[in-house]
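Asks: I'd like to ask you about the structure that follows.
The values are calculated or read from the model by the stated rules, or taken from the named source; none is laboratory data. In this text the structure is predicted, and so the values were computed from the model without any measurement. Every residue, glycine among them, receives a Cβ derived from its backbone with ideal geometry; neighbour counts consider all protein chains shown. Protein only, heavy atoms only, side chains kept; ligands, DNA and RNA dropped before computing areas. Shrake-Rupley method; radii C 1.70, N 1.55, O 1.52, S 1.80 Å.
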Amino acid sequence: MDKFVISGGQKLFGEAKICCAKNSILPIMAASILCDQTIVLNEIPNFVDIKNMENILKCLGADTTFCDNRLEISTKNINSFFVPKSLTEKLRSSIFVLGPMLAKHKKAKIAYPGGCKIGLRPIDIHLSGLKQLGAEICEQDGLIVCDGSHMKSSKIKLRYPSVGATENLMMASVFLEGTTVILNPAKEPEIVDLQNFLNQMGANVCGAGTEEIVILGVKNLGGGEFKPIADRIVCGTLLIACSMCGGKISVIGCREKEMASLLNELRKSGCKIDVKNDRITIESTGSLKAVSFVETLPYPGFPTDLQAQFVAMMSISSGCSKIVENLFETRFGFTGQLQKMGANICVNGKECCVCGVENLVGTKVFAGDLRGGAALVLAGLRAKGETTVCNVFHIDRGYDAFEKTLSSLGAKIIRKRDEK
Ligand code: EPZ
């Protein structure tokens, strides 16, 4: 197991190119099941979750090669329809294979998904949508057993704009004769990216990013090359890092529209933001004003995946802030570790009140999930003294060599083997 050892107090300067988005790559990897020919994804970062998803595809019989940030997937030899718990428990995205397996192979048997322990994370919206498309689903002994042989196009209304369920149902519908409509879908940029990928492979999907997604069934999908969009959460994490440490950095790859909710809060806290096309530049003195209220919402609201990082930012801002987490029931789990560093935080259910302190103090802390772990790193970059962040495997799921990116911007952070 690795740990990060951080010497706080360094300002950040320079620029960073943002890698492709984890939450776009993963559903697209699942969508490869729909394709008759090989797909090639370029500029793919070494996220651990990508390896985990590769293992799931290989378990089904697909062939994958991942070398020099180029990921090739061929699924024409898929000959198994079962994914065991040992693979699905590693990531939430394992559930994304359900839709494409039913669309292409008419059957699937998979164990329940795992992923960050940030809430209950049920899959009822996925399953009810698939049932509305005619899939026969039974849950037995921790397995989801599905028969998609009688699926038909239909109009589906989601009770909540679930990102994963929207993606699963888009993929489940691509071969259904006629027109499938998904109402109240998630509108995240990653949904639009999946639509663009599917259409490039020969599907007929429109409306992603709006209130209604329409899928016209086609006979088959081909193959080809595709470059997923940049990771707006990695982008936001670096912007918040600079706001806390002080300095001036530019991040390249994300556009103002997809970063708007965070940029608004950064401006309110006193940071100077300049945007030119896909280059966002932030300048900060490191002395921030607290933002009185922020709540996480589905896109285009403030992203839940930046909530932890924002709490860390408010923990050293002057004044008090209330952050409400509307999506996940236990996504404030990291705050106990921030309190060990001297943060003044009080959590009550879905509300978190933070009153900024002059300085955090470095100590040993433990990452418990992906974004909470990233928040602890940001706190360490700002804190006085040395911070050790243990259980870095959580962070490696969604940040590629995070310590190298931060070091390139002037941070003092190294990765060490944690000899326990
Ligand atoms: C995706 O998770 C992302 N993961 C998450 O990012 C992100 O936090 C989340 O969307 C919200 O933006 C990937 O894309 C791989 P949801 P997902 O279904 O699809 C409830 C990260 O850090 N819900 O939109 O699982 C659910 O409990 C990760 O990169 C149901 O009740 O999120 C939650 O309260 C963490 N039933 C809300 O909806 C369902 O069937 C939003 O979940 C599905 C979801």
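Asks: When the Karplus curve 6.51 cos²θ - 1.76 cosθ + 1.60 is applied with θ = phi - 60°, which whole-Hz ³J(HN,Hα) does each residue of segment 201-210 get, with x for Gly and Pro?
Replies: With coefficients 6.51, -1.76 and 1.60, one gets 8, x, 7, 9, 10, 9, x, 4, x, 10 Hz.
Asks: Output the Cα-based Rg and Dmax of segment 58-178 in Å, rounding Rg to one decimal and Dmax to a whole number.
Replies: 14.4, 42
Asks: Right, here's the next one. Shape verdict for segment 22-226, please, from the Cα gyration tensor: rounded (a/c under 1.5), prolate (a/b greater than b/c) or oblate. Could the numbers behind the result be given before it?
Replies: Working: a/c = 1.30, a/b = 1.11, b/c = 1.17.
Judged from the Cα gyration tensor, segment 22-226 comes out rounded (a/c under 1.5).
Asks: Measure off, as a whole percent, the carbon and sulfur share of the 1.4 Å-probe accessible area of segment 183-329, all protein chains present. Please report the intermediate quantities before stating the final value.
Replies: Values: 2600 of 5150 Å².
C and S fraction of accessible area: 50 percent.
Asks: Right, next: Using a ≥ b ≥ c from the Cα gyration tensor of segment 330-417 (square roots of the eigenvalues), is it rounded, prolate or oblate, where a/c under 1.5 gives rounded and otherwise the larger of a/b and b/c decides, a/b for prolate? Each step should come with its number before you reach the end.
Replies: Working: a/c = 2.08, a/b = 1.37, b/c = 1.52.
Note, shape of segment 330-417 comes out oblate.
Asks: Could you work out which residue, out of LYS22, LYS404, LYS104, moves most in a Gaussian network model of the chain, that is, has the largest mean-square fluctuation with Cα springs under 10 Å?
Replies: Most flexible of the set in this elastic network: LYS404.
Asks: Okay, moving on. Express the accessible area of the chain per residue in Å², computed with a 1.4 Å probe while the remaining protein chains stay in the model. The partial results should precede the final answer.
Replies: Numbers: 16050 Å² over 420 residues.
Per residue, the chain has 38 Å² of solvent-accessible surface.
Asks: Report ³J(HN,Hα) in whole Hz for each residue of segment 228-243, in order, from the Karplus equation J = 6.51 cos²θ - 1.76 cosθ + 1.60 where θ = phi - 60°; Gly and Pro get x.
Replies: Values, residue by residue: x, 5, 6, 7, 5, 7, 4, 4, x, 5, 5, 5, 5, 4, 5, 4 Hz.
Asks: Then there is this: If you take every residue apart from VAL311 with its C-beta less than 15 Å away from the C-beta of VAL311, what net charge results, scoring Lys and Arg +1 and Asp and Glu -1?
Replies: Details: positive: LYS322, ARG331, LYS340, LYS350, ARG371, ARG382; negative: GLU265, GLU295, ASP305, GLU325, GLU351, ASP369.
Around VAL311, the surrounding residues sum to 0.
Asks: Check GLU295: other-chain or 5+ apart residues with amide H under 5 Å from its amide H, H built from backbone geometry?
Replies: Correct list: VAL324.
Asks: Please tell me which of these pairs span more than 27 angstrom C-alpha to C-alpha: LYS90/LYS289; LYS289/LYS412; LYS109/LYS155; LYS276/LYS322; LYS276/LYS350; LYS131/LYS227?
Replies: Numbers: LYS90/LYS289 38 Å; LYS289/LYS412 25 Å; LYS109/LYS155 25 Å; LYS276/LYS322 31 Å; LYS276/LYS350 36 Å; LYS131/LYS227 32 Å.
In this structure, LYS90/LYS289; LYS276/LYS322; LYS276/LYS350; LYS131/LYS227 exceed 27 Å between Cα atoms.
Asks: Oh, and also: Between the DSSP loop rule and a limit of at most 12 other Cβ atoms within 10 Å, which trypsin sites (Lys or Arg not before Pro) in segment 199-257 are left? The partial results should precede the final answer.
Replies: Details: sites: LYS219, ARG232, LYS248, ARG255, LYS257; in loops: LYS219, ARG255.
Hits after loop and neighbour filter: LYS219.
Asks: Apply the a/c threshold of 1.5 to the C-alpha gyration tensor of segment 76-140 and tell me whether it is rounded, prolate or oblate. Don't skip to the end; give the middle numbers.
Replies: Working: a/c = 2.08, a/b = 1.22, b/c = 1.70.
In terms of gyration-tensor shape, oblate.
Asks: Give, as a single signed number, the net charge of other residues whose beta carbon lies under 11 Å from the beta carbon of ASN326, with Lys and Arg counted +1 and Asp and Glu -1. Before the final figure, lay out the partial values.
Replies: Working: positive: ARG331, LYS350; negative: GLU295, GLU325, GLU329, GLU351.
Net local charge, ASN326 excluded: -2.
Asks: Continuing with the same structure: Counting each DSSP H run of 4 or more residues in the chain as -39500 (n - 2.57), what helix-only mean residue ellipticity at 222 nm follows after dividing by all residues, to the nearest 500 deg cm²/dmol? It would help to have the intermediate numbers written out before the result.
Replies: Numbers: 14 runs with 132 residues, N = 420.
Rounded to the nearest 500, the figure is -9000 deg cm²/dmol.
Asks: Antiparallel as a % of all DSSP beta bridges within segment 22-226, to the nearest 5? Write out the running numbers ahead of the final one.
Replies: Numbers: 26 of 35 bridges.
Percentage antiparallel, nearest 5: 75.
Asks: Under a Cβ-Cβ cut-off of 15 Å, what is the net charge of the residues other than CYS355 that fall near it, where Lys and Arg count +1 and Asp and Glu count -1? Kindly include the intermediate steps, with their values, before the conclusion.
Replies: On the way: positive: LYS289, LYS322; negative: GLU351, GLU358.
Overall, the nearby charge balance is 0.
Asks: Moving on to the next point. Taking a quarter of the surface of the Cα convex hull of the chain, what do you get in nm²?
Replies: Working: hull surface 73.8 nm².
Quarter of the Cα hull surface area: 18.5 nm².
Asks: Continuing with the same structure: Most mobile of ASP400, ASP305, ASP274 per a Gaussian network model of the chain (Cα springs, under 10 Å)?
Replies: Result for the chain, Cα springs under 10 Å: ASP274 fluctuates most.
Asks: Would you mind putting 380-393, 151-164 in packing order, based on average other-beta-carbon counts within 10 Å, highest first? Provide the component values of the computation, followed by the final result.
Replies: Details: 380-393: 21.0, 151-164: 17.6.
Result, highest mean Cβ count within 10 Å first: 380-393, 151-164.
Asks: 5 Å is the cut-off here: which amide hydrogens, built 1.01 Å from N in the peptide plane, fall below it relative to LYS17, excluding neighbours closer than 5 in sequence?
Replies: ILE252
Asks: What's the center-to-center distance, using Cα atoms, between segment 339-397 and segment 294-328 in Å?
Replies: Spelled out, the Cα-based centre of one part sits 14 Å from the other.
Asks: Springs between alpha-carbon pairs under 10 angstrom, Gaussian network model over the chain: which of GLN132, GLN307, GLN140 fluctuates most?
Replies: GLN140
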